[in-house]
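Step one of this worksheet: look at the structure below.
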Amino acid sequence: MSGFAAKVVIILIVVTLVVVLVARFFRRVTPAKPGTRRQRMPLLVPLAGAVLIVAGSLLALASFSSRYTPELLPARIASAVVILAGLAALLAYRNWYLEVFSDAVRFRTLLGREKRIDYRDIASFRLKRAAGRERLTVRSRDGVRLSVDTGRYSVAPLLAAARSAAA
């Protein structure tokens, strides 16, 4: 019976992830309000992280609570990996932010390092279209790089400064 329970939990995890991904693709993106200083990742990220943690916990409960058999080893490993992926998503949401000011942009990376790019220090920028979304990549003279989705985040002052620095 425990092998059946592990299979059911794995199927539930896969179905949940598919539903989350499909919902993500059909969701309309609205950029952050211009008055908002600190912009964060979409709410989908912590929700997906929470779903992964719950699914991994259920898988761990099913695989670790039964007597050990060699068939349960992959489920035990998968439960740890799924829980770690959920924790990584929550950590990334907690750490990453973007603040656009009139003279600089300040941001924190996924690992929590705070960085700043002054508009006068922009060395290069590139606008590229990937998967139907426009991404702005800015590099400063110090080598600091920022890549953001211009449709999701309000970065108009940064884009204008990058264009004027290139001219």
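The values are calculated or read from the model by the stated rules, or taken from the named source; none is laboratory data. The model shown is predicted, which means the values in this text are computed figures rather than measured ones. Every residue, glycine among them, receives a Cβ derived from its backbone with ideal geometry; neighbour counts consider all protein chains shown. Calculation scope for accessible area: heavy atoms of the full protein, side chains included, ligands and nucleic acids excluded. Shrake-Rupley method; radii C 1.70, N 1.55, O 1.52, S 1.80 Å.
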**Item:** Positive-pole candidate from 20, 143, 101, dipole of the chain, charges at beta carbon
**Value:** 101
**Item:** Principal axis dimensions, the stretch 42-167 - Cα atoms, whole angstrom, descending
**Value:** 68, 29, 22
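Name the trypsin sites (Lys or Arg not before Pro) in the stretch 83-130 that are in a loop by DSSP and that have at most 16 other C-beta atoms within 10 Å, would you?
Of the trypsin sites (Lys or Arg not before Pro), the ones in loops of the stretch 83-130 whose Cβ has at most 16 other Cβ atoms within 10 Å are 113.
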**Message:** Heavy atoms of the protein only, probe of 1.4 Å, neighbouring chains included. What is the accessible area of residue 68 in Å², nearest 10?
**Reply:** 120
**Message:** Angle check, please: helix 73-95 long axis (alpha carbons) against the longest principal axis of the chain (alpha carbons), in degrees 0 to 90, nearest 10.
**Reply:** 30
**Message:** Compute the angle between helix 156-166 and the longest alpha-carbon principal axis of the chain, please, reported from 0 to 90 degrees and rounded to the nearest 10.
**Reply:** 60
**Prompt:** Applying 1/(1 + (r/R0)^6) with R0 = 45 Å to the Cβ-Cβ distance of residue 17 and residue 163, what FRET efficiency is obtained, to the nearest 0.05?
**Reply:** 0.70
**Complete:** For the chain, the accessible surface attributable to carbon and sulfur atoms (probe 1.4 angstrom, ligands and nucleic acids excluded) amounts in percent to 64
**Message:** Taking the Cα centre as origin and putting +1 on Lys and Arg beta-carbons and -1 on Asp and Glu beta-carbons, what dipole magnitude results for the chain, to the nearest 20 debye?
**Reply:** 440
**Fill in**
The helix 2-26 Cα axis meets the longest alpha-carbon principal axis of the chain at an angle in degrees, between 0 and 90 and rounded to 10, of 20
**Asked** Rounded to the nearest 500, what is the chain's calculated 222 nm mean residue ellipticity when only DSSP H runs of at least 4 contribute -39500 (n - 2.57) each, over all residues?
**Response** -16500 deg cm²/dmol
